[in-house]
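Values quoted throughout were computed directly from the atomic coordinates according to the rules given, and no laboratory measurement underlies them. All of these numbers come straight from a predicted model, not from anything done at the bench. All Cβ positions, even for glycine, are placed from backbone atoms using ideal geometry, and neighbour counts span all protein chains on display.
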Amino acid sequence: MRIARLELKAFGRFTERTLELGPGLHIVHGPNEAGKSTTLRALKAWLFGFPERTHDNFLHANDQLLVGGCLQAEDGRELAFYRRKKRKGDILGPDGNPLTADALAGFLPIAEQAVFESLYGLSHEDLIRGGEDILAQKGEVGQALFSAGAGISSLRGVLAGLESEAEALFTARGTKREINEALAAYKETQKIVRDASLSSRDWHELNNSLTEAQAALQAIEEQHGAKDRRRRQLERIRQLLPQLALRNALRQQLADLGEVVELPADFSARRQEVERALHTLARRETDLAGKLAQREKMTAVSPYQAVLDAENAVEDLHQRLGSYNTAGKDLPEREGMRISCKSEASEFLKMVRQDISLEQVESLRPVSGRRKIIGDLAARHEGLQQGLAQTEKNLREIQREITIIDGELAMLPEAKDAAGLNQACRLAQKAGAIDEDLTARARLVEDKKRDCLVAMDRLTLWSGGPEGFLSLSLPLLETVQKYETAFQAHDERQRDIQKERERLHKELDEALAGIRQLETSGSTPTEEELVLIRSQRDRGWELLRRQWLEGEDLAGEDAAFGQGLPLPEAYEKKMALADTVADRLRYEADRVQVFAALRTKKQSLTEALAELETAAAQNDLARAALDTEWRSHWNPCAIIPLSPKEMLAWLVKAVALRGRIEELQTDERELARKSAERQELKSALSRELALYSEEQPAETGKGELHPLILQGETLLSRLTAIEDKRSRLLERKANSLKNARLAEGKKADFSEELADWRRQWQEVVADLGGGRDIHPGEAGDLLDNLRSCFTKLKEAEELRKRIDGMARDIRLFEEAALSLARKISPACVDQPAGEIVAQLKTLLNQARTDRTLREEHLEKEKQEAKEVILLGEERKDLESQLAELCRLAGKVLPGELEATEKRSAQFRSLVASLAQTEKILIEGAGGIPLAELEGQAAKIDPDALPEEIARLSQEIEQELAPESKRFSVLIGEKRHQLRQMDGNARAAEAAEQGARLLAKIKRLAERYVQLKVAAHVLKNEIERFRSENQTPVLAITSRYFHDLTLGSFAGLLTDENDQGEPVLVGTRPNNARVLVERMSSGTRDQLYLALRLASLEWRITGHEPMPFILDDILVNADDARSRAALKILAELAAKTQVILFTHHRRIVDEALQLTAPSGLQVHELGA
Amino acid sequence: MFTFLHAADIHLDSPLRGLEAYADAPVDQLRQATRRAFDNLIDLAIEERVAFVLLSGDLYDGEWKDYNTGLFFIDRISRLRKENIRVFLASGNHDAASQISKGLRLPDNVHLFSTKQPETVLIEALGVAVHGQGYHTRALAENLARNYPQALPDYLNIGLLHTSLTGREGHEPYAPCSLDDVLARGYAYWALGHVHTREEVSRSPWVVFPGNIQGRHIHEAGAKGATLVRVEEGRIAAVEHRDLDVLRWAMCRVDLSACATVDMALDTVRQAMEAEQSRADGRPVALRLQLTGESPIHAELHRDSAPLTEEFRALAAGLGEMWLEKVVFATRRPVTLNESLGAETPMADLVRAIERLDFRPESLLELVPEIGILQSKLPPELLHGGGLIPASQASRADSLCEEVKEMLLARLLGQGGSR
């Protein structure tokens, strides 16, 4: 496969850039920034698809990116396709339809870009890495071959990586490796599980011993309790013995005291209190009797009783005195105001009606009430008047307008029908730019005609006009091709015959020369010669026999045979000659054979030549026949043909010319048709224009249509304008007439409404005028005056009512004052009413003071009488209390009370002491009844008591308590141990940790297996690859290495290193061997390049060649080495396409000096 | 009306398997998972005021010897005793093998069924008859169900049995019996144990495997718990599953065929993880991530499987209580290796060499003796399946072949090769 073309439709900085590639060596040169790398990326994107993220979308958006091109397989198949940036359906055919990846697979059997690149791509970096890798492998042959064969420049690193990763996971004796560590940690957790696990036996043993200890402790505790109880009993008795004795003594004293009346504790205090109260009471009774004797003098009859009896009447009059005085002053003033109001009312009435008096005014009150109706009517009158006036004005204006319109209409010209003209114009317009079209067509036809004539002049072999040319019956193209093939076949045969003839002649000459050479170097005996001589010898023997044995006379035959010699000598001579010939045939057998072969060859060659000549003659005949036949085909057109090949070219031209002439004729016909069409349009338009007397059809010099159209259009627009105006005027007139009718109607309406209004007005205002007509504007004023008149009348009436009221009040006041004076103080009867009331008020105040004093004395007397009664009751109470005390003390006299109190106190003291003693006993007995305690004490000998107590204490303290403590501690310990066995999860948690470690170990172990298997397979494969490819590839490599190092190395060899592994060594021309470690890095790069190129060349021998794509691999090489490398590439390019991308002009210049056997193309990417 | 609770296969103190510790892994949240799940069972019983609890075998893990586990069980059962809740226990194969169950004195609210013959306990107050028999030996091959008595009339009959019936995948066929065998007894409810996946084998009458109460490895994924049964008027009115697990195992398959970049893949994985987490109702999740699909980034995933695994772990840690058990890189190439590598390239030859390699354990151990050395050092627990290269699991060998292929391709084609 090779790349025939690469199209950068839209990629990076490129738009529609195409590189035409093809077989041979291609150098794609682009200085920095010129897009060399972009082109390389585009190539990869085209073949293998766009990467997910690209930086080549800065000019064309992602969805616009497009690269394409054409691939060519070795068998000649081609595939053109495009690639866009899409995840699916990114491959497009030239027709824009998606292609499947299968279509590509037929050309590009490797779909993985990385694999393709490693096999068929090589960059400067790969070269450096490859060189370093060779150093790292120390020239190990297998790895070097495999890495160059697969294009992997870091194989050593991969192998080492697999080993070191596996080793980091596990080694048999390691401790710090991941798996080793995890295994150790796992063992540790297993131990924790074992240690933390509790066996059921342990638990049960511990549980049993705990139960036993608990039982023992219980027994000891019981014993301890019994002894402790006894000791406490004895101790108690010892402590309570004195209290028991005291109790008995107190009981005896109480018995001695006999029967006693027990008095309450407060008895003595109560008695003393009663006696003190009686004494105080006697003194208070004496004081009160004295006070009562004094009060009786203060009571007598009052002198002011009459005034006090009329108290309310006097007070009332005194209050009304102020109003009385005011009324006297106001009365005359009010009367004046009333008269004034009445006269004003009369004035107002006069302004309305002078024919009636104030007394008759009530007859006008209904009119005054219709104020609202009158107002409305007045307002309506005004509206109606205005409406009528406006309507009349409108009507006048409309009529004036109609007159104006009629005038204008009369001035317009007469109407004409323009439909015909309009149609003619439209048809002409529709024909479009027919004038320009016709001119252009005519010019085109002229040009074509001229071209055709020129072409016909140029066409040799034939002359004449176009029509004649078209009618020529030319032979078919296929016929000519057929003859061409036939003539070619003849010529080829002729050539073959000639070639064969030359060959035969040459061979014949060689054979003749051989014969001549043999002949010159001495005669060579032949079989024929031997046969001849033998027959002569036999003839001699026959003659001799006849003569000698049969005695026959030979009669001259012998002489003829002997040729002067006697027969026996002649025979002997022949005999000897035959032997000699036979011997020579035997001795010189080789020579004889060669000679014979040459002669046979000469014979056969001569025959072959004869045959060949016959064939040549036949061929010439056939060719003459063919030629005649060929010419006959051209007879009908009177042409004497040249060779078919020339005639083929002639015919192609003639056919093309014929096509052009036919095309020209079509154009001419079309031109004529169009002209006719235009003429028709023109006459139609002229006819229409002539109908309008004022218009003369415009004359057009070249028969053009356009001026006529313009004229028609102008006329049309003028006619249209007039008609438009007319219709506008008519419309306006109709409108005005309608408005006039409407205005008339409105005017009638207004008149009718006014009449109606007048009728209503008369009805409403009749009373107001008293027979006189009232104008609507005047009515308001009249009503206002009437209302003022009524208001004033109302005011006068109210004033009259007030004056009457005030006169009545004065009269009543004076009557009341006089009547009261007669009753209380007759002395002041003759005085004015105001004076009388003032004197009466003074008298009343004096009477009130006197009454207050008497009331106070009476109150005090009543209180003192009540106090006398209370003192009596208090005395009775105290005396009964004293009697009760005597009864309590056992019915004694009051004088005996004190002695009784003393006996009672003594008894009380004894009882309290006894109770105290018994309380102490009960507390000390600890719940035992006193009687039982007394019983126990009676049984015990007080003297033996301390000893008994001491014995018990010793037993408890020294024997029972330590034992109890020991068991308690034991139980505590067991319990603690058992509590430790509490169902905890320590072992379970360790097991969980173990499970986590197992998971880790499992993962790592699987990884280890993968790494180990991978390393094993890879090594095996490297070895297999080496054994298959070593011999041929190293042979080529050696040659390349020699060339690339400019002969500084003679080549390469395999040697064995210290471990007995095959390694690569370079050989100097003097056979000195150089290990790769000793080579310079540049040389190692050359070695890697040689290996890669060799692998590639070897690969091409068995596989479809693929383009070899190199990225600036000669950057570091000097000119001489670059030249050497380019030379190798140019040779390689004869077998497969080689594309070298470079930034360096130097490389291009070097390449241009090469003579590339298969062609060299330089592609410049820069501007 | 009353309720009872049916659970089985507690496997107390059996550790969670396959969870490798790593930084940010929620180790503390997953301690003593089986114990805490059992605590949940006790809490549920008390909360629901159940009349009794049925435990259908495998209380302990067979090889586990720590008596503390038994003491823990007693302590928790004592809580039920305080609430007057009875417990019926029929031992299973693991219990028969367990050292713990032998010496344990059970509280008086527990009835342990005989291992010699079927036994019947009557609860007169509820009108219930409970029939059951335990295992006397680990590998019990007899059909126990056939010897159970016929249902007692006028009682609600319940049968306790540790069996896998006619067999369930991944479970030993102990105490084999057919469904017909158990149905023939005429009981209203069969409380089975042994199968770790919940299954209502029959609904009329009820034959139920409640599943275990806590998943312990990735093959026990999904919700785990007990079955709560409501009885009304002497009939079973409702059978409900209740979650008890404290950690949810989840198999999370993520199709990466639509992911064109690693970032998109990470995003897709994060969404899938979030979905799993929300399904776990607030529990911590132990997740196995299985990446599938014809992925454009297949090669990249394989090349960077180690750092990517770290990234996925970080994603899990970022989500809170999630433990990434394992990442299985099971994506496929969008283009076959044959097409990718061409027909006769050295890389294609290498791939063919890997495919031709004999992955049977005996051959591989001979070719690469270091594997044997490692294997000899591994604890026996890891070698249950037959060692590092198990012959029985064909898929494992296939996946080893795939891993080796992808590992070599990624390394040989290097960084420059991938798009």
> So for segment A:664-813, what are the equivalent ellipsoid semi-axes in whole Å, largest first, each being the square root of 5 times an eigenvalue of the Cα gyration tensor?
Replying inline: 103, 21, 11
> P(r) for segment A:878-952: what percent of alpha-carbon pairs falls in each 10 Å bin, starting at zero?
Replying inline: 14, 24, 20, 14, 15, 9, 5, 0
> With no solvent and one point on each alpha carbon, what is the Debye value of log10 I(q)/I(0) for segment A:842-913 at q = 0.15, 0.20 Å⁻¹?
Replying inline: -0.74, -0.91
>> Using only the Cα atoms of segment A:727-865, what semi-axes does the equivalent ellipsoid have when each is the square root of 5 times a gyration tensor eigenvalue? Give whole Å, largest first.
In response: 92, 26, 10
> Where the eigenvalues come from the Cα gyration tensor of segment A:1-148, what are the semi-axes √(5λ) of the equivalent ellipsoid, largest first, in whole Å?
Replying inline: 29, 19, 15
>> What number results when the radius of gyration of segment B:150-266, computed over Cα atoms, is divided by 2.2 N^0.38 Å?
In response: 1.42
> Ranked by Cβ crowding within 10 angstrom, fewest neighbours first, how are A:941, B:75, B:95, B:349 ordered?
Replying inline: A:941, B:75, B:349, B:95
> segment A:911-1040: Rg/Rh from Cα coordinates, Kirkwood Rh?
Replying inline: 1.84
> Once both axes come from the Cα atoms, what is the angle between helix A:311-352 and the longest principal axis of chain A, in degrees from 0 to 90, rounded to 10?
Replying inline: 50 degrees
> Build a GNM of chain B with springs between Cα atoms under 10 Å: which of B:345, B:34, B:268 gets the top mean-square fluctuation?
Replying inline: B:345
> Applying 1/(1 + (r/R0)^6) with R0 = 51 Å to the Cβ-Cβ distance of residue A:167 and residue A:607, what FRET efficiency is obtained, to the nearest 0.05?
Replying inline: 0.05
> What is the gain in length, in nm to one decimal, between residue A:73 and residue A:808 on full extension, counting 0.36 nm per residue of separation less the C-alpha to C-alpha distance?
Replying inline: 249.5 nm
> Between residue A:494 and residue A:662, what is the label-to-label distance in nm when each label sits 7 Å out along the Cα-to-Cβ direction?
Replying inline: 3.6 nm
> Mind checking the alpha-carbon convex hull of segment A:1016-1167 and giving the volume per residue in Å³?
Replying inline: 142 Å³
> Taking θ as phi - 60°, what are the ³J(HN,Hα) couplings along segment A:528-542 by the Karplus curve (6.51, -1.76, 1.60), each to the nearest whole Hz, with x for Gly and Pro?
Replying inline: 4, 4, 4, 4, 4, 5, 5, 5, 5, 4, 4, 4, x, 4, 5
>> Under 20 Å between alpha carbons, and skipping anything fewer than 8 positions from residue B:116 in its own chain: which aspartates and glutamates qualify?
In response: B:58, B:95, B:142, B:181
>> Only four residue types carry charge here, +1 at the Cβ of Lys and Arg and -1 at the Cβ of Asp and Glu. Report the dipole size of the protein assembly as shown about the Cα centre in Debye, rounded to the nearest 20.
In response: 3040 debye
>> Quick check: residue separation of residue A:653 and residue A:905 times 0.36 nm, minus the Cα distance between them. What number comes out in nm?
In response: 73.1 nm
> When each pair of different Cα atoms in segment A:243-295 is counted once in the 1/r mean, what is the Kirkwood radius in angstroms, to one decimal?
Replying inline: 16.2 Å
>> If you split all Cα-Cα distances of chain A into 20 Å bins from zero, what percentages do you get per bin, shortest first?
In response: 6, 9, 11, 11, 10, 11, 14, 13, 8, 4, 2, 1, 1, 0
> In segment A:207-339, if every C-alpha pair distance is counted and binned at 10 Å from zero, what percent goes to each bin?
Replying inline: 7, 9, 9, 8, 8, 8, 8, 7, 6, 7, 6, 7, 6, 3, 0
> So what's the angle, to the nearest 10 degrees on a 0 to 90 scale, between helix A:589-634 and the longest Cα principal axis of chain A?
Replying inline: 70 degrees
>> What are the membrane-span-like helices in chain B by this rule: whole DSSP H runs, Cα extent along the axis at least 30 Å, mean Kyte-Doolittle hydropathy at least -1.0?
In response: B:394-417
> When all alpha-carbon pairs of segment A:357-407 are counted, what percent fall beyond 15 Å?
Replying inline: 69 percent
> Which of the trypsin sites (Lys or Arg not before Pro) found in segment A:305-349 are in a DSSP loop and have at most 10 neighbouring Cβ atoms, other than their own, within 10 Å?
Replying inline: none
> How would you classify segment B:242-289 from its alpha-carbon gyration tensor, with a ≥ b ≥ c the square roots of the eigenvalues: rounded for a/c under 1.5, else prolate if a/b is greater than b/c, otherwise oblate?
Replying inline: prolate
>> With angles folded into 0 to 90 degrees, how steeply does helix A:930-939 sit against the dominant principal axis of chain A? Use alpha carbons for both and round to 10.
In response: 80 degrees
> Which parts of segment A:904-938 would a label at residue A:232 reach, counting a residue when its backbone N lies under 14 Å from a point 7 Å out along Cα-to-Cβ?
Replying inline: A:924-928
>> For segment A:486-612, I need the span (max minus min coordinate) of the C-alpha atoms along each principal axis, in Å, sorted largest to smallest.
In response: 79, 30, 20
>> Can you give the Rg/Rh ratio of segment A:417-463, where Rg is from the C-alpha atoms and Rh is the Kirkwood radius?
In response: 1.46
>> A 28 angstrom limit on the alpha carbon distance is what I want to check against. Which of A:191/A:965; A:138/A:1000; A:44/A:1127; A:653/A:674; A:448/A:482 exceed it?
In response: A:191/A:965; A:138/A:1000; A:653/A:674; A:448/A:482
>> Once R0 is set to 30 Å, what does the formula 1/(1 + (r/R0)^6) return for the Cβ-Cβ distance between residue A:284 and residue A:891, expressed as a FRET efficiency to the nearest 0.05?
In response: 0.40
> How many Å³ per residue does the convex hull of the Cα positions in segment A:385-514 occupy?
Replying inline: 339 Å³
> Between residue A:555 and residue A:354, what is the spin-label point distance in nm, taking each point 7 Å from the Cα along the Cα→C-beta axis?
Replying inline: 22.9 nm
>> Could you work out [θ]222 nm for the protein assembly as shown from helices alone, using -39500 (n - 2.57) per DSSP H run of at least four and dividing by all its residues? Round to the nearest 500 deg cm²/dmol.
In response: -21500 deg cm²/dmol
> For segment A:131-136, what does the Karplus curve 6.51 cos²θ - 1.76 cosθ + 1.60, with θ = phi - 60°, yield as ³J(HN,Hα) per residue in whole Hz, taken in order and with x for Gly and Pro?
Replying inline: x, 4, 5, 4, 5, 5
>> What's the whole-number percent of alpha carbon pairs in segment A:925-986 lying beyond 14 angstrom?
In response: 75 percent
>> To check you understand DSSP bridge types, tell me what percent of the beta bridges within the protein assembly as shown (both residues inside) are antiparallel, rounded to 5.
In response: 50 percent
>> Cut-off is 10 Å between beta-carbons; in what order do A:134, A:356 appear when sorted fewest neighbours first?
In response: A:356, A:134
> What spacing in nm lies between the two simple spin-label points modelled at residue A:538 and residue A:241, each 7 Å away from Cα in the Cβ direction?
Replying inline: 19.5 nm
> Could you give the radius of gyration (one decimal) and Dmax (whole number) of the Cα atoms in segment B:5-140, in Å?
Replying inline: 16.0, 57
> In Å, the Kirkwood hydrodynamic radius of segment A:777-818 over pairs of distinct alpha carbons?
Replying inline: 13.1 Å
> Mind checking the alpha-carbon convex hull of segment B:222-315 and giving the volume per residue in Å³?
Replying inline: 106 Å³
> Over all distinct Cα pairs, what is the inverse of the mean 1/r for segment B:303-384, reported as the Kirkwood hydrodynamic radius in Å?
Replying inline: 16.8 Å
> In the calculated pair distance distribution of segment B:257-411, what percentage of Cα-Cα distances lie above 23 Å?
Replying inline: 51 percent
> Where Rh denotes the Kirkwood radius from the mean inverse Cα pair distance, what is Rg over Rh for chain B?
Replying inline: 1.06
> Arranged by the count of other C-beta atoms within 10 angstrom, fewest first, what order do A:1016, A:775 take?
Replying inline: A:775, A:1016
